[in-house]
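Participant: So that we are looking at the same thing, I have put the structure below in structure tokens.
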């Protein structure tokens, strides 16, 4: 019908515009945060855009949920303000009939969110952990910057280079201080480079320099002059934490009875379900008083979204801590919001009953 096509087109345009704005804002915020990590020496320069993509994929399901909610709410609110809804009600449409175009638009959108949470996000977490571990294992070579003192992740070495050739990776006039088992070592070399062997081991190779070894406060220093000095960079172990659960696929989570696995499954299934429920809730929330030209529903919609999101987070935390039954946690927040949807539809239907032919 005409109203379905018009509403679907407007919902698609609004949702796309809102999602574009949200993604742009998220990219700016995440980029600034990653630049802060680079400035503190916690992240290599080369990893900024890779981690930016990983972080965006992590937040994309939530951003899509917000975009869908707003994309349904704003077009219907505009139709209330322009009195189009009153005309459709007088033509015989009930409030419940607006659910058909909304669900026809929201269900495919929610399926995309489900694909992200069940397949794309776990794959992304696994790749992110692998990339992070690879960065940590070679962090001592990637953190070196010309004209700056750089400290290794293990806090055992300090580097300084005068110049760096970004094409060849060769550094000039190298200074390195190391402290191992209380013994201080200084290396001064004309140039240096990073070398990876066929077996995967990494080395810093210094050329034409001297090494000074000894104990601070004593005079028993040893001076060694060398043409080529090889120093092995040992891989740094990265703590996994709960990344194993976040990177697990849906089948693994279903087979794992631990509270952490159940909590992760609750979140992955809860986000697309919440997107559907919020899209349905937007229908009664879009009401605008055509006489006063005010929409308190927009404020209520914002409040209900934050309540819903906090309920999901709280349920996930309680399930993870074994304070709440997993199945109760999976359905409790959704049941509460479905009850709120039923109440809103009841109030709006009775409020609009005198204007239309059916309630």
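The values are calculated or read from the model by the stated rules, or taken from the named source; none is laboratory data. Predicted model only: the values in this text are computed from it and were never measured. A quick note on method: Cβ atoms are made from the backbone with ideal geometry, for glycine too, and the neighbour counts reach across all protein chains shown.
Participant: Give the residues of the stretch 235-266 that are in a loop (DSSP other than H, G, I, E, B) and at pLDDT below 80, sorted by residue number.
Facilitator: Quick first cut of the stretch 235-266, residues in a loop (DSSP other than H, G, I, E, B) only: 235-242, 247-249, 256-258.
Matches in the stretch 235-266: 235, 236, 237, 238, 239, 240, 241, 242.
Participant: While we're on this one: Going residue by residue through the stretch 146-166, is there one that turns out to be at pLDDT 75 or above and over 30 Å from residue 52 (Cβ atoms)?
Facilitator: Taking every residue of the stretch 146-166 in turn, at least one turns out to be at pLDDT 75 or above and over 30 Å from residue 52 (Cβ atoms).
Participant: Would you be able to say whether some residue in the stretch 65-80 is out of contact with any strand residue (DSSP E or B) (no Cβ under 7 Å at 6 or more places or on another chain), surrounded by fewer than 14 Cβ atoms within 10 Å (Cβ to Cβ) and in contact (Cβ under 8 Å) with a residue 40 or more places away in the chain?
Facilitator: There is no residue in the stretch 65-80 that is out of contact with any strand residue (DSSP E or B) (no Cβ under 7 Å at 6 or more places or on another chain), surrounded by fewer than 14 Cβ atoms within 10 Å (Cβ to Cβ) and in contact (Cβ under 8 Å) with a residue 40 or more places away in the chain.
Table: residues versus (1) surrounded by 14 or more Cβ atoms within 10 Å (Cβ to Cβ); (2) outside the structural domain of residue 247 (by TED's automatic domain parsing); (3) modelled with pLDDT of 75 or more; (4) more than 30 Å from residue 270 (Cα to Cα).
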position	(1), (2), (3), (4)
118	yes, no, yes, no
131	yes, no, yes, no
172	yes, yes, yes, yes
176	yes, yes, yes, yes
225	no, yes, yes, yes
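Participant: Here is a follow-up. Is there a residue in the stretch 66-79 that is more than 23 Å from residue 6 (Cβ to Cβ) and in the same structural domain as residue 272 (by TED's automatic domain parsing)?
Facilitator: The first filter runs over the stretch 66-79 and keeps only residues more than 23 Å from residue 6 (Cβ to Cβ), leaving 66.
With in the same structural domain as residue 272 (by TED's automatic domain parsing) added as a condition, the list becomes 66.
Yes.
Participant: Name the pairs whose Cβ atoms lie under 8 Å apart, with the first residue in the stretch 47-58 and farther than 9 Å from residue 124 by Cα, the second at pLDDT below 90 and not in a helix (DSSP H, G or I), and 6 or more positions between them or separate chains?
Facilitator: Pairs that qualify, where the first residue is farther than 9 Å from residue 124 by Cα and the partner is at pLDDT below 90 and not in a helix (DSSP H, G or I), are 51/43.
Participant: Which residues, counting only those in the stretch 332-346, are under 26 Å from the mean Cα position of the chain (by Cα) and loosely packed, with under 15 Cβ neighbours inside 10 Å? First the steps, then the outcome.
Facilitator: Of the stretch 332-346, the ones under 26 Å from the mean Cα position of the chain (by Cα) are 332-334, 337.
Within the stretch 332-346, none qualify.
Participant: Would you be able to tell me the number of residues in the stretch 87-115 that are part of a helix (DSSP H, G or I) and touching a helix residue (DSSP H, G or I) at 6+ places or on another chain (Cβ under 8 Å)?
Facilitator: 20
Participant: Sticking with this one: Scan the stretch 312-331 residue by residue and report those that are surrounded by 18 or more Cβ atoms within 10 Å (Cβ to Cβ) and part of a helix (DSSP H, G or I).
Facilitator: Hits for the stretch 312-331 are 312, 315, 316, 318, 319, 320, 326, 329, 330.
Participant: Then there's this: When you look at residue 196, is it farther than 30 Å from residue 321 by Cβ, surrounded by 11 or more Cβ atoms within 10 Å (Cβ to Cβ), under 44 Å from the mean Cα position of the chain (by Cα) and modelled with pLDDT under 80, yes or no? Reasoning before the result, please.
Facilitator: On the way: farther than 30 Å from residue 321 by Cβ: yes; surrounded by 11 or more Cβ atoms within 10 Å (Cβ to Cβ): yes; under 44 Å from the mean Cα position of the chain (by Cα): yes; modelled with pLDDT under 80: yes.
When the stated conditions are applied, residue 196 passes them.
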